[in-house]
Amino acid sequence: MRERKKATCSLLLLLQVLVQLAVLGNLATPSFSANVTYDHRALLIAGKRRLLISGSIHYPRSTPEMWPDLIQKSKEGGLDVIETYVFWNIHEPVRNQYDFEGRKDLVKFVKTVAEAGLLVHLRIGPYVCAEWNYGGFPVWLHFLPGIKFRTDNEPFKAEMQRFTTKIVDMMKQENLYASKGGPIILSQIENEYGNVESAYGSGAKPYINWAASMAVSLDTGVPWVMCQQANAPDPIINTCNGFYCDQFTPNSNAKPKMWTENWSGWFLSFGGAVPYRPVEDLAFAVTRFFQLGGTFQNYYMYHGGTNFGRTTGGPFIATSYDYDAPIDEYGIVRQPKWGHLKDVHRAIKLCEEALVATDPTISSLGPNLEAAVYKTSSGLCAAFLANVGTQSDATVNFNGNSYHLPAWSVSILPDCKNVALNTAKVNAMAVVPSFTHQSLQVDSSDPVGLSWSWINEPIGISKDDAFVRPGLLEQIKTTADRSDYMWYSLSLDVEGGSQDILHVESLGHGLHVFVNQKPAGNKAGNSNNVKVAVDIPITLAHGKNTIDLLSLTVGLQNYGAFFDEAGAGVTGPVTLKRSANATTIDLSSQQWTYQIGLKGEDWGLSSGSSSQWTAQPSLPTKKPLTWYKTTFTAPGGNDPVAIDFTGMGKGEAWVNGQSIGRYWPTNISPSGGCTNSCNYRGSYGSNKCRKNCGNPSQQLYHVPRSWLQSSDNTLVLFEEIGGDPTQISLATRQVGSICSHVSDSHPLPVDMWDSDSKTGKRSDPDPVMILKCPTPDQTISSIKFASYGTPHGTCGSFRHRKCSSSKALPAVQKACIGSRSCSVGVSVATLGDPCKGVTKSLAVEASCA
Ligand code: GAL
């Protein structure tokens, strides 16, 4: 009897422990109500301080079909939290008419994050910046009487409060705040207002105070943050955005040190080269932040995605919002970035208990050398050793042991003794993506061009709702951004034909000039100077002439004080310099006829269903203002798909009625200033590391798989400048090679960290080179390169140097070929010693099949 009671007791105890474990394990997604609070060290979820790694994924920049996989890959990458902005203009395109369908299904997105067991930071803004059209504001907001954005202005505050409340209420209704058992642990109000505050004068402070108390009054049960807002009123936490935030301190000792935007790369502009940020520098920035007391860090972006439709801000933000993020535009992990950061997250998490328990003790280990130690009364100890110098590696002495610290790196010692990771020593493998092209043509025996049909967009005024006004109208006020396009049309009577110069000045962003229905010239601004000024030689006929100016926008401005007032379009002057009598006529205040948008837009051509399409073998090419249509079969398999717009000029494209965005492959980046192997040492800036100089800024445009059916897909284009659609091809994204490069001085993979705190020892002393094919159905088919010694180069371009062991290739082949993954110890014992006394490394490039 007693025995049985004892057994029941232990069973109960076990059950209790299991329940407790389940609750703890569930902390990530509080399926129970967990109040979220904060103190000087960290956010507290259900009373427990947490060290949180977060990453931005903006729901409308991918599709609901992609969300679960993106979120799963984020989780595997070591994220606890997914951050997203809320994009007002897609949710309320018309005042009081809301849209939360498809890619705009915010509730579904938040729930998808919760299902994966992750938390959410919801940045409502509702001004968001984000390289998003008009910074996220609906353009109709501009037209409300008496409104002034982002200042102490009643009409604006009323609208901001209405939308913010709407979103908070939606989240409450679905119990999505952690305080009600949901995943949302944090919300943001406004966005980087501190950066522009001074421009708003006396209206600024009352506005920020109002925004803070308005947000707090919504009673979400979770804290609010304001980023880049040094004067954020209590209880709002002011947080840091930037490439580095280790030196940041919040405005009160009662608030934790939080980093809401760690820019993992940078955004691409049409006309610019492709920005990237080396992972060694990103890992350094992250680790420095945790070294110096940070406890919440968010990657902006973790998956950047695509600016579909006309959602890009700007002007001139490209359609791709890849951002060099750890998950690429297509949803594939970017290696070694994703993998190295995953290792960094693991190593930092090994320190979590010590880290959240106390402040670090900082000491100098020499010039540019710094140690931070987190030591608790309960005997926990974690240390970070940093070399912030940009030139030389160093060997430092810490607690009686010696440590090698490459320049611009931090080592993480979760037990204050053994190195779990150094930010500059990348164990993660690299992957080189490759694109396989195939023709759009369904049947390659089709005569080229036969499968295309087209419609001409009329030059000049063609719509019934055109109107006449004296003088030149600002474009955004006139179109309310209903279209990128607006026609300015003038009919001109002249005495005697002559060669003249037409001078046009525009606030931007692009301009096509037609004289008497013929293209006369065009010009676009760029992200440094959005304005356009042209002098175009034209020939006028005696009598009546027409001048048609097609003005266009490429994403409305999203950043800066009063960004909403920038304006666009031909605001003049427009003059005609007559060669005959050497006079200049100012045409600016003439009676201009205006047309908002294109005829083809009214006809709904983007769906492809109109009956007006012409199909004849004489497909027009190099012809401005042409709509094109074809059908195509989707590439087989599951690899992500892109359209390569080589051959086309500029325009917008739709697949099965869904806009895949603006394309502009003729906008070429400058020929200089790029490097493929940027030095990660030293402060990063958005212009520091660029690639793809002298090429189209963007040539490939993502078509989400879920928008495709297996065959009979409709592709519609509106081409502005003129192009040859038969050159368009499909591309699928694949893995080219996988590579690894590990030196004798690398720490062991962090996965092998031996958590046995008694010994604090690593299970194996040698570093390990690990390769793994990205998908389970693949195995390593060949070793393209293997060298142990002092090999040179990067994945895809490794080269042997004098010191190279002949044992490396057979050893790697033996360990790897035929398996999905393999590991090889990086040591002279396995690989031989081709040059004694020299630090050696093993570099491998392999193919998977
Ligand atoms: C920040 C802003 C973000 C984004 C970023 C650049 O200043 O808060 O929304 O625009 O810059 O990608």
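The values are calculated or read from the model by the stated rules, or taken from the named source; none is laboratory data. These figures come from a predicted structure and were not determined experimentally. All Cβ positions, even for glycine, are placed from backbone atoms using ideal geometry, and neighbour counts span all protein chains on display. The area values use the complete protein model at the heavy-atom level, side chains included, leaving out ligands, DNA and RNA. Shrake-Rupley method; radii C 1.70, N 1.55, O 1.52, S 1.80 Å.
Just one of the listed residues (158, 178) is surrounded by 21 or more Cβ atoms within 10 Å (Cβ to Cβ), hydrophobic (A, V, I, L, M, F, W, C) and at pLDDT 95 or above, namely 178. Determine, yes or no, whether residue 244 is open to solvent by less than 10 Å² (accessible area, probe 1.4 Å), touching a residue at least 60 places away in the same chain (Cβ under 8 Å) and within 15 Å of the ligand (Cβ to nearest atom). No, not satisfied.
This table checks each residue for (1) closer than 30 Å to residue 497 by Cβ; (2) part of a loop (DSSP other than H, G, I, E, B); (3) at pLDDT 95 or above.
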| residue | (1), (2), (3) |
| --- | --- |
| 581 | yes, yes, no |
| 592 | yes, no, yes |
| 600 | no, no, yes |
| 610 | no, yes, no |
| 636 | no, yes, no |
| 646 | no, yes, yes |
| 659 | no, no, yes |
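Among the residues of the stretch 80-88, is there at least one that is open to solvent by 30 Å² or more (accessible area, probe 1.4 Å) and either more than 16 Å from the ligand (Cβ to nearest atom) or modelled with pLDDT under 95 (or both)? Looking through the stretch 80-88, none of the residues is open to solvent by 30 Å² or more (accessible area, probe 1.4 Å) and either more than 16 Å from the ligand (Cβ to nearest atom) or modelled with pLDDT under 95 (or both). Out of all the residues in the stretch 97-139, which are within 16 Å of the ligand (Cβ to nearest atom) and open to solvent by 10 Å² or more (accessible area, probe 1.4 Å)? Of everything in the stretch 97-139, those that are within 16 Å of the ligand (Cβ to nearest atom) and open to solvent by 10 Å² or more (accessible area, probe 1.4 Å) turn out to be 129, 131, 133.
Matching residues to (1) open to solvent by less than 10 Å² (accessible area, probe 1.4 Å); (2) free of Cβ contacts under 8 Å to residues at least 12 places away in the same chain; (3) touching a strand residue (DSSP E or B) at 6+ places or on another chain (Cβ under 8 Å):
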position	(1), (2), (3)
275	yes, no, yes
280	no, no, yes
294	yes, no, yes
302	yes, no, yes
327	yes, no, yes
342	no, no, no
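The single residue among 605, 625 that is at positive phi, surrounded by 20 or more Cβ atoms within 10 Å (Cβ to Cβ) and at pLDDT 95 or above turns out to be 625. Screening 312, 319, 287 for residues that are of a type in the set (Ser, Thr, Tyr) and more than 13 Å from the chain's Cα centre (by Cα) leaves exactly one candidate, 287. Taking the stretch 125-139 as the range and being aliphatic (A, V, I, L, M) and assigned to a helix (DSSP H, G or I) as the test, only 139 passes. Looking only at the stretch 157-164, decide whether some residue is of a type in the set (Phe, Trp, Tyr) and within 30 Å of residue 37 (Cβ to Cβ). Yes, there is a match, as at least one residue in the stretch 157-164 is of a type in the set (Phe, Trp, Tyr) and within 30 Å of residue 37 (Cβ to Cβ). Considered as a group, the residues in the stretch 742-752 that are open to solvent by 40 Å² or more (accessible area, probe 1.4 Å) and in contact with an Asp or Glu (Cβ under 9 Å, 6 or more places away or on another chain) include one that is nearest to residue 778 (Cα to Cα), and that residue is 751.
Tallying residues that are open to solvent by 20 Å² or more (accessible area, probe 1.4 Å) and of a type outside the set (A, V, I, L, M, F, W, C) within the stretch 400-421 yields 7.
Filtering the stretch 344-360 to residues that are surrounded by fewer than 24 Cβ atoms within 10 Å (Cβ to Cβ), assigned to a helix (DSSP H, G or I) and out of contact with any Phe, Trp or Tyr (no Cβ under 6 Å at 6 or more places or on another chain) leaves 345, 346, 349, 352, 353, 356, 357.
Considering the stretch 30-95, the qualifying strands (runs of 3 or more DSSP E), each wholly inside and each with 1 or more residues that are small (Gly, Ala, Ser), run over 52-57. Among the residues that make up the stretch 788-803, is at least one of them farther than 30 Å from residue 679 by Cβ, open to solvent by 60 Å² or more (accessible area, probe 1.4 Å) and assigned to a loop (DSSP other than H, G, I, E, B)? No, that holds for no residue. Looking at the stretch 453-557, the strands (runs of 3 or more DSSP E) lying wholly inside it that each contain 3 or more residues that are of a type in the set (A, V, I, L, M) and touching a residue at least 12 places away in the same chain (Cβ under 8 Å) sit at 485-494, 498-506, 510-515, 532-540, 543-552. Among the residues of the stretch 161-175, those that are without any contact (Cβ under 8 Å) to a residue 40 or more places away in the chain and either open to solvent by less than 40 Å² (accessible area, probe 1.4 Å) or not charged (D, E, K, R) (or both) comprise 173, 175. Within the stretch 212-223, the set of residues being free of Cβ contacts under 8 Å to residues at least 60 places away in the same chain, surrounded by 21 or more Cβ atoms within 10 Å (Cβ to Cβ) and either in a loop (DSSP other than H, G, I, E, B) or within 16 Å of the ligand (Cβ to nearest atom) (or both) comprises 220 only. Looking across the stretch 176-192 at every residue that is in contact with a Ser or Thr (Cβ under 9 Å, 6 or more places away or on another chain) and not hydrophobic (A, V, I, L, M, F, W, C), the one that is farthest from the ligand (Cβ to nearest atom) is identified as 181. Based on what the data block shows, is residue 235 surrounded by fewer than 18 Cβ atoms within 10 Å (Cβ to Cβ) and either within 16 Å of the ligand (Cβ to nearest atom) or assigned to a loop (DSSP other than H, G, I, E, B) (or both)? Yes; evaluated as a whole, the condition is true for this residue. The residues of the stretch 564-579 that are in contact (Cβ under 8 Å) with a residue 40 or more places away in the chain and assigned to a helix (DSSP H, G or I) amount to a single one, 564. The condition of being in contact with a helix residue (DSSP H, G or I) (Cβ under 7 Å, 6 or more places away or on another chain), within 13 Å of the ligand (Cβ to nearest atom) and of a type in the set (Ser, Thr, Tyr) holds for only one of 312, 295, that being 312. Selection over the stretch 247-263 of residues that are open to solvent by less than 20 Å² (accessible area, probe 1.4 Å), of a type in the set (A, V, I, L, M, F, W, C) and either within 12 Å of the ligand (Cβ to nearest atom) or assigned to a loop (DSSP other than H, G, I, E, B) (or both) gives a count of 0. Within the stretch 592-608, residues that are among the charged types (D, E, K, R) have Cβ atoms under 7 Å from residues that are open to solvent by less than 30 Å² (accessible area, probe 1.4 Å) in these pairs: 599/457; 599/463; 601/483; 602/463, counting only partners at least 6 apart in sequence or on another chain. In the set 121, 142, only one residue is in contact with an Asp or Glu (Cβ under 7 Å, 6 or more places away or on another chain) and part of a helix (DSSP H, G or I); that residue is 142.
The set of residues from the stretch 805-834 being over 16 Å from residue 767 (Cβ atoms), in a helix (DSSP H, G or I) and open to solvent by 60 Å² or more (accessible area, probe 1.4 Å) comprises 809, 810, 813, 814. All of 157, 104 fail the test of being charged (D, E, K, R) and more than 18 Å from the chain's Cα centre (by Cα), apart from 157.
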